[in-house]
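The values are calculated or read from the model by the stated rules, or taken from the named source; none is laboratory data. Just so we're clear, the structure is a prediction, and the values are computed from it rather than from any experiment. Note that each Cβ is placed from the backbone with ideal geometry, even for glycine, and that neighbours are counted across all protein chains shown.
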Amino acid sequence: MEKISKHKPTLSVISILATTDPSILFANNDAEIESDFLSASLLDPIKAAMTPENFSDKFIEIDGRLFINDSSLKCYLPSDKEEAKRSFDRYYVDKLVWGNDYSAPVSDKLSHGAKVLDVACGSGAWITNMALNYPASTFVGIDIAPLFPEVTPQNAAFFQCNVVNGLPFPDNCFDFVRQGFLIICMDWQIWTEKVLKELIRITKPGGYIEIMDIDGQFLQPGEIGRKLNKCQSTLFKNAGINFTSAKNVITLLKSLNNAVTAAPLEEKLRKFGSQAGKLGEMSLKNFLQSLKSLKPVLTYHLGITNDEYEQLTMDLGEELNRRNCSVMIYRAIARKHVKYVA
């Protein structure tokens with residue numbers, strides 16, 4: 001079993017542990033570096049990019065919940081302990097939906113030792129589980145919100161940074177780069193022109209990029225589901241977010257054939273309700289938790305009171321359960337060309 005570390009461990013990577021106060025970061029400067037993965041040339045820009053001053057004004061409290069307050073992102077979900085728990089639970093729901101943690105053909109590389117980055121890692125559940133399952137590999141998670149676990153495997157580390165401002169890693173650094181549920185949190189143009197280019201830049205030639213996200217709206221909705229679909233569509237469109245992004249992502253990856261080779265898009269249905277068994281019940285519970293978190297945003301855009309919103313979510317839960325509704329989640333995979341030169 002892989003060793004678990006808390007606070008100042010001897011690490012193969014530098015571990016930055018975040019507290020519930022987003023203005024404070026614990027940089028583990030006393031850790032002994034056992035490998036050259038985070039060499040001085042790599043560590044210095046990371047430290048510079050992640051000083052507390054850069055993040056202290058990036059969060060705002062609304063109705064007792066902590067939200068990201070950064071114009072470069074359009075994240076309508078909170079960034080606090082409650083959201084970390086929901087993100088952690090969603091990881092397990094999606095793992096059960098897919099039956100695995102990833103689709104890219106990287107199993108052999110992971111078993112023998114790979115460098116892996118998870119962009120927008122959220123609670124860090126994916127990184128933590130992957131690090132335990134593949135002790136020969138090194139895993140790094142980054143997110144603007146410090147929702148990371150305080151206890152981590154020795155081959156895992158977490159850093160707080162805003163991907164829109166660039167990634168503090170050198171070119172051709174990672175064997176496998178994963179991004180989950182980020183496209184629905186930012187302007188589509190920013191993602192295509194800045195973030196995706198960064199993902200390609202830091203991936204090694206021959207390495208893989210895997211993008212997992214949700215493709216828009218309820219399938220087979222009832223009256224309430226259609227109302228929420230319409231509200232979300234308007235909200236995201238006005239924010240410049242590509243809410244039905246699957247086809248656009250794979251089309252974009254195929255257009256970048258000078259840099260990457262795109263695999264066929266993979267899709268799965270995340271079903272809601274008891275008709276889909278225990279997994280459907282777990283999925284519905286997690287979704288209703290997200291609606292609770294979205295209350296400050298959706299009450300405003302729906303033009304309803306808090307009490308009316310509470311009733312709406314209860315009615316929607318019953319409708320989703322009764323109609324066996326679902327949403328589509330997808331994985332888009334691309335391999336960076338072995339001879340690619342930027």
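What tally of residues in segment 120-178 results from selecting those that are outside any strand (DSSP E or B), aliphatic (A, V, I, L, M) and either touching a Ser or Thr at 6+ places or on another chain (Cβ under 6 Å) or closer than 17 Å to L199 by Cβ (or both)?
So the count comes out to 8.
Taking into account only those residues within segment 291-327 that are surrounded by 15 or more Cβ atoms within 10 Å (Cβ to Cβ) and of a type in the set (S, T, Y), which is nearest to T234 (Cα to Cα)?
T299
G206 fails exactly one of the following numbered conditions: (1) in contact with a strand residue (DSSP E or B) (Cβ under 9 Å, 6 or more places away or on another chain); (2) in a helix (DSSP H, G or I); (3) surrounded by fewer than 23 Cβ atoms within 10 Å (Cβ to Cβ). What is the number of that condition?
All conditions are met except number (2).
Spot the failing condition for G216; the list is (1) out of contact with any Lys or Arg (no Cβ under 9 Å at 6 or more places or on another chain); (2) at pLDDT 90 or above; (3) in a loop (DSSP other than H, G, I, E, B), and only one is missed.
It fails just one condition, (2).
Among the listed residues S79, S103, identify the single one that is outside any helix (DSSP H, G or I), surrounded by 22 or more Cβ atoms within 10 Å (Cβ to Cβ) and among the polar types (S, T, N, Q).
Going through S79, S103 in turn, the sole match is S79.
Looking only at segment 291-309, count how many residues are in a helix (DSSP H, G or I), touching a residue at least 12 places away in the same chain (Cβ under 8 Å), closer than 15 Å to D63 by Cα and not aromatic (F, W, Y).
7
With respect to Y340, determine if the residue is in contact with a Pro (Cβ under 7 Å, 6 or more places away or on another chain) and either surrounded by 13 or more Cβ atoms within 10 Å (Cβ to Cβ) or part of a loop (DSSP other than H, G, I, E, B) (or both).
Against the criterion (in contact with a Pro (Cβ under 7 Å, 6 or more places away or on another chain) and either surrounded by 13 or more Cβ atoms within 10 Å (Cβ to Cβ) or part of a loop (DSSP other than H, G, I, E, B) (or both)), Y340 qualifies.
L66 fails exactly one of the following numbered conditions: (1) farther than 30 Å from R335 by Cα; (2) part of a loop (DSSP other than H, G, I, E, B). What is the number of that condition?
Just one mismatch for L66, condition (2).
Collect the residues in segment 219-271 that are under 22 Å from the mean Cα position of the chain (by Cα), without any contact (Cβ under 8 Å) to a residue 40 or more places away in the chain, assigned to a helix (DSSP H, G or I) and closer than 30 Å to K339 by Cβ, keeping them in residue-number order.
K247, T251
One line per residue, one yes/no per condition, for (1) charged (D, E, K, R); (2) in contact with a helix residue (DSSP H, G or I) (Cβ under 7 Å, 6 or more places away or on another chain); (3) crowded, with 18+ Cβ neighbours inside 10 Å:
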site	(1), (2), (3)
I211	no, yes, yes
K230	yes, no, no
L235	no, yes, yes
N238	no, no, no
S245	no, yes, yes
N258	no, no, no
G277	no, no, no
N286	no, yes, yes
